[in-house]
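Here's the structure we're looking at; comments come further down.
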Amino acid sequence: NRHAVHMQADMDKAWRSARRWHRTPVLLKIDAKRMHKDGFQFGVSENGVWCTESVPTAYLCDVM
């Protein structure tokens with residue numbers, strides 16, 4: 001039911017969140033700085049979760 005990509009700036013928080021949703025979590029490192037520079041919009045929720053509409057594969061840096 002979610003319509004946005006949910007992201008964490010903190011690696012530990014990202015792992016905790018990923019483990020909540022999947023048995024074998026995978027984290028994708030995203031070049032959000034470059035996305036922002038290229039005009040993508042981001043929002044941040046009250047609990048510190050960053051969101052954007054999509055992340056094109058060109059901005060994926062690493063899989064962990």
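Miscellaneous remarks
- Breaking point among (1) at pLDDT below 90; (2) part of a loop (DSSP other than H, G, I, E, B), for residue 6: (2)
- Identity of the residue in the stretch 5-14, exposed (fewer than 14 other Cβ atoms within 10 Å of the Cβ) and among the hydrophobic types (A, V, I, L, M, F, W, C), that ends up nearest to residue 54 (Cα to Cα): 9
- Residues of the stretch 40-53 satisfying the condition of being in a loop (DSSP other than H, G, I, E, B) and either in contact (Cβ under 8 Å) with a residue 60 or more places away in the chain or surrounded by 11 or more Cβ atoms within 10 Å (Cβ to Cβ) (or both): 40, 42, 49, 53
- Within the stretch 16-39, restricting attention to residues that are in contact with a helix residue (DSSP H, G or I) (Cβ under 8 Å, 6 or more places away or on another chain) and open to solvent by less than 70 Å² (accessible area, probe 1.4 Å), the residue that is modelled with the lowest pLDDT is 25.
The values are calculated or read from the model by the stated rules, or taken from the named source; none is laboratory data. Here the structure is a predicted model, which means the values were calculated and not measured. Positions of Cβ are backbone-derived with ideal geometry, glycine not excepted, and every protein chain shown enters the neighbour counts. What goes into the accessible areas is simple: the full protein's heavy atoms, side chains included, and nothing from ligands, DNA or RNA. Shrake-Rupley method; radii C 1.70, N 1.55, O 1.52, S 1.80 Å.
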